[in-house]
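What follows is a single structure, written as structure tokens, with notes after it.
Since every read-out is calculated from the coordinates, none of them should be taken as a lab result. None of the values given here were measured: they were computed from a predicted structure. We place every Cβ from the backbone using ideal geometry, glycine too, and count neighbours over all the protein chains shown.
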Amino acid sequence: MSRRILDLTPFAARPPREALAQLAKELQTNPAVQVDWEPLPQSSVPLPGFLTDIGRIFVGRDGALDRLGQLWKEATAEGLRVALLAGEPGVGKTRLAAEQARRVYDEGAMVLAGRCDEDLGVPYQPFVEALRHFVDHAAGLSERLGRYGGELARLVPELGERVPGLPGPLRSDPETERYRLFEAVTDWLAVASVEEPLLLVVDDLQWCDEPSLRWLC
């Protein structure tokens, strides 16, 4: 049986799952094709639960996904990008974010996420949730917390137990402590994204507490 080389260029621009489906179809119709590949590396941190428990059906948002995909490419090549998803309640903002999160996760990125609740108003709630998920699952935790890892124990107190020898948070006036915490969160995200691209999803931003908004701004 003769063999031929399969041009993979058309698959490159597609999301991984679509590319694999197209490739599988090509292999079924052309049994002479032989392809050797290695699986994409996957983050040690699994997708956050609330981004995976919202169903698999997703249609009619190609334009928005294309724009998010372009921003993601820019972020991985050039640095930080911010995307705000706006719309009426129930229009599918979280579902859209979850689909983008799934796509970048399939490409080997780490996805962290946190929610804002209207009634609770817990200070730094989205960052507490994102950091706790990271602490529970990340490999090499002690080396991925940044310069001020001890400050992060203000958000996740059990961090000191997970990382022996971690310095305690700075004790000073409230303004100085808040500034140091902001620096700690910024540096943690920067260091955590060195080994793998990182997507941070903040859901229901309209209910975000004031301290979190100050950090975001």
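Table for the structure above
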{"read-out": "Extension gain, E161 back to A77 (0.36 nm per residue minus Cα-Cα distance, nm)", "value": "26.6 nm"}
{"read-out": "Gyration tensor verdict on region 126-182 (Cα atoms; rounded if a/c is under 1.5, prolate if a/b is larger than b/c, oblate otherwise)", "value": "prolate"}
{"read-out": "Cα-based convex hull, region 71-217, per residue volume (Å³, whole number)", "value": "119 Å³"}
{"read-out": "Inter-part distance where region 203-217 and region 74-143 are each reduced to a Cα centre, Å", "value": "13 Å"}
{"read-out": "E183 versus L216: modelled label distance in nm, points set 7 Å from Cα along the beta carbon direction", "value": "2.5 nm"}
